[in-house]
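Undergrad: I'd like to ask some things about the structure below.
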Amino acid sequence: MTRAFAKVGERAPNLEIAGWAQGKPTNIDELKGNVVLVKVFQVNCPGCFSHGFPQAIGIYNRYKDRGGVVIGLATAFEDYDKNTFANLQLLMGRGEVIGATLERLTFFQKMLSERGQVIDGTAEGMGHYNFIKDGNRLGYRIPFPVAMDVVEQGKARHEVMERYNVEINDWIEGRTFSRYMLRGTPSSILIDKRGVLRHTSLGSDDGLEAKVKSLLSE
């Protein structure tokens, strides 16, 4: 079945979910009347945990009682042995982090312990969260529902690939990641109260909270 790509200004397609690691199952079509932020990440992605999640948690805490909904969606477009549902379950169930995420967050925690600050990153998250505890556990709690994208192999028809004239015969990546034409992680998907896709972004997005606040006022 051919799946149309998501487009800003049009109805946002549902997330394609392989399973839920935390929280009550839900989806875009069930959340009309709310502003929905989907934080897309990989388990083996240090930046997702050093600034992506701290920003999303801050938005969740400030707007959850005002119609703001946040969902975490784990995906994979690389490191397939690490970015798995099993490792996501370990993360959400026991707080265990792995691979490059563990290495980098351990370094950040060392900087916090020695200097009281982390020299790179965003204002929210870096220096305001404990990154690692007990050797390999995430130092903070992710409070919102978290699911796993459907990851599969298929033909290379991703518009981002076509834009850069990259010839790939086959690719493996998450269906939702591909359908929303995301380019990496952490990424943000922002959907308004009517279920319309309003914004996507990659990496640090200093204007994300302002966009959420604006959509809540519509």
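Undergrad: How many residues does segment 178-194 hold that are modelled with pLDDT of 95 or more and not hydroxyl-bearing (Ser, Thr, Tyr)?
TA: So the answer is 7.
Undergrad: For segment 175-199, which residues satisfy the criterion of being within 18 Å of VAL43 (Cβ to Cβ) and charged (D, E, K, R)?
TA: ARG175
Undergrad: Then there's this: With the requirement that a residue be aliphatic (A, V, I, L, M), crowded, with 19+ Cβ neighbours inside 10 Å, assigned to a strand (DSSP E or B) and out of contact with any helix residue (DSSP H, G or I) (no Cβ under 7 Å at 6 or more places or on another chain), what does segment 167-218 give you?
TA: Matches in segment 167-218: ILE189, LEU197.
Undergrad: VAL40: under 19 Å from LEU102 (Cα atoms), among the β-branched types (Val, Ile, Thr) and under 13 Å from the mean Cα position of the chain (by Cα), yes or no?
TA: yes
Undergrad: Ok, one more. Within segment 36-46, is even one residue in contact (Cβ under 8 Å) with a residue 24 or more places away in the chain, in contact with a Ser or Thr (Cβ under 9 Å, 6 or more places away or on another chain) and assigned to a helix (DSSP H, G or I)?
TA: yes
Undergrad: Just checking, does segment 6-13 include any residue being without any contact (Cβ under 8 Å) to a residue 12 or more places away in the chain and hydrophobic (A, V, I, L, M, F, W, C)?
TA: So far as segment 6-13 goes, no, none of its residues is without any contact (Cβ under 8 Å) to a residue 12 or more places away in the chain and hydrophobic (A, V, I, L, M, F, W, C).
Undergrad: Taking segment 103-157 as the region of interest, how many residues are under 19 Å from THR84 (Cα atoms), modelled with pLDDT of 90 or more and among the polar types (S, T, N, Q)?
TA: Looking only at that region, the number is 1.
Undergrad: Given (1) of a type in the set (Asp, Glu); (2) surrounded by fewer than 18 Cβ atoms within 10 Å (Cβ to Cβ); (3) under 26 Å from MET181 (Cβ atoms), identify the lone condition not met by GLU16.
TA: (2)
The values are calculated or read from the model by the stated rules, or taken from the named source; none is laboratory data. Remember, predicted model here, so these are calculated numbers, not experimental data. Backbone-built Cβ (ideal geometry, glycine too); neighbour counts: all protein chains shown.
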